[in-house]
Amino acid sequence: MVALEGVAVGPGHPKGKAFAWMTPNGKGLIPVAAPLVGIHKTNWTERALMSLGMEQKPVPAKTVADWIAKRARTFLLGTKGPIVDTFLDPNCIFCHKFYEAAMPLVRKGDLRLRVTLVGFLKPSSADKAAAILLAKSPAKALAYNEAHFRVAVEEGGIRPIRHPHPAITGVVGANTGILSHTGALATPTIVYCKKPGDFVMSHGLDNYSAHYLRKLFHGIGSIDAVGGCTG
């Protein structure tokens, strides 16, 4: 086993400041091409970046729920069942899988999704998010995006807005800014409460099936309009 140490490289580095792993003798640097993940799914690269002050420490799930309630532009899918907060990018293939798995539960009244749209995966993501948010019914616009999702190229089906107003661009940016404080700029990111005071945040899921989601969200609490949790 070789012990590596995370170091910041710069300012002479072409990118100004970058991260690399240093070998034990201090003579070699290993550039980071992908996160170093341990056998227990510990992201050692993320931990090293945080310790060096190169990446923000994630805020607690309860804080994220509070920020969504007070700062984000959201819309609700469903009329019954516990409310789960979810960050979605219109061009995200895993968001598409999550949406398709969750909607049967939403239609049945077993679950509600409060959607916070973000835009960072592709150049068209932010403008597609803006198009959905500006629609008369964002829920229907998102449904169109997912129904026409092109899996082969990982592209949502809605057309990006041509001339987004700075105000809506700012809204999508603010939503994405909240996501950036969760510890990973990744979608879908899901926030829910098992019971009052017990909030959970997940970047992605282990399984994208309605059966898995039914078990995951069985008996959970509901995030209310102010970011609290009701039983």
Worksheet entry | Which listed residue is under 18 Å from F94 (Cβ atoms), assigned by TED's automatic domain parsing to the domain that holds C95 and either charged (D, E, K, R) or without any contact (Cβ under 8 Å) to a residue 12 or more places away in the chain (or both), from L216, L185, L205, L179 | L216
Item to complete: Kindly establish whether P90 is touching a residue at least 40 places away in the same chain (Cβ under 8 Å) and within 18 Å of L213 (Cα to Cα).
Response: no
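V59: of a type in the set (A, V, I, L, M, F, W, C) and under 13 Å from L142 (Cα atoms), yes or no? Lay out the reasoning, then the answer.
Working: of a type in the set (A, V, I, L, M, F, W, C): yes; under 13 Å from L142 (Cα atoms): no.
No.
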Discussion item. For the structure I just gave you, tell me whether V200 is in contact with an Asp or Glu (Cβ under 8 Å, 6 or more places away or on another chain) and within 17 Å of V59 (Cα to Cα).
Written reply: no
Discussion item. So if I check each of K136, K194, K140, which one is in the same structural domain as F94 (by TED's automatic domain parsing), farther than 18 Å from L113 by Cα and of a type in the set (K, R)?
Written reply: K136
Worksheet item: Does G227 satisfy the criteria of being part of a loop (DSSP other than H, G, I, E, B) and in contact with a Phe, Trp or Tyr (Cβ under 6 Å, 6 or more places away or on another chain)?
Response: no
Discussion item. Please go through (1) surrounded by 21 or more Cβ atoms within 10 Å (Cβ to Cβ); (2) out of contact with any strand residue (DSSP E or B) (no Cβ under 9 Å at 6 or more places or on another chain); (3) part of a helix (DSSP H, G or I); (4) of a type outside the set (K, R) for N175 and return the number of the only condition it doesn't satisfy.
Written reply: (2)
Discussion item. Filter the stretch 130-159 down to the residues that are surrounded by 15 or more Cβ atoms within 10 Å (Cβ to Cβ), of a type in the set (A, V, I, L, M), touching a residue at least 12 places away in the same chain (Cβ under 8 Å) and assigned to a loop (DSSP other than H, G, I, E, B) and list them by number.
Written reply: I158
Item to complete: Pick out the one residue from A210, A135 that is at pLDDT below 95 and not polar (S, T, N, Q).
Response: A210
Discussion item. Tally up the residues in the stretch 60-100 that are closer than 14 Å to I132 by Cβ and assigned to a helix (DSSP H, G or I), please.
Written reply: 3
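Residue-wise test of (1) touching a His at 6+ places or on another chain (Cβ under 9 Å); (2) surrounded by 22 or more Cβ atoms within 10 Å (Cβ to Cβ); (3) closer than 14 Å to P138 by Cβ; (4) of a type outside the set (S, T, N, Q).
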{"residue": "R73", "(1), (2), (3), (4)": "no, no, yes, yes"}
{"residue": "L77", "(1), (2), (3), (4)": "no, no, yes, yes"}
{"residue": "I83", "(1), (2), (3), (4)": "no, yes, no, yes"}
{"residue": "L105", "(1), (2), (3), (4)": "no, no, no, yes"}
{"residue": "F120", "(1), (2), (3), (4)": "no, no, no, yes"}
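So, in the stretch 111-129, exactly how many residues are assigned to a loop (DSSP other than H, G, I, E, B) and among the β-branched types (V, I, T)? Can you show your working first?
Quick first cut of the stretch 111-129, residues assigned to a loop (DSSP other than H, G, I, E, B) only: 111, 118-124.
Filter again for among the β-branched types (V, I, T), leaving 118.
Residues that pass the stated criteria total 1.
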Item to complete: Identify, from the list R107, R114, R71, the residue that is in contact (Cβ under 8 Å) with a residue 40 or more places away in the chain and within 23 Å of R214 (Cα to Cα).
Response: R114
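The values are calculated or read from the model by the stated rules, or taken from the named source; none is laboratory data. Note that this is a predicted model, so its numbers are computed, not measured. Here Cβ is always computed from backbone atoms with ideal geometry, including for glycine, and neighbour counts include all displayed protein chains.
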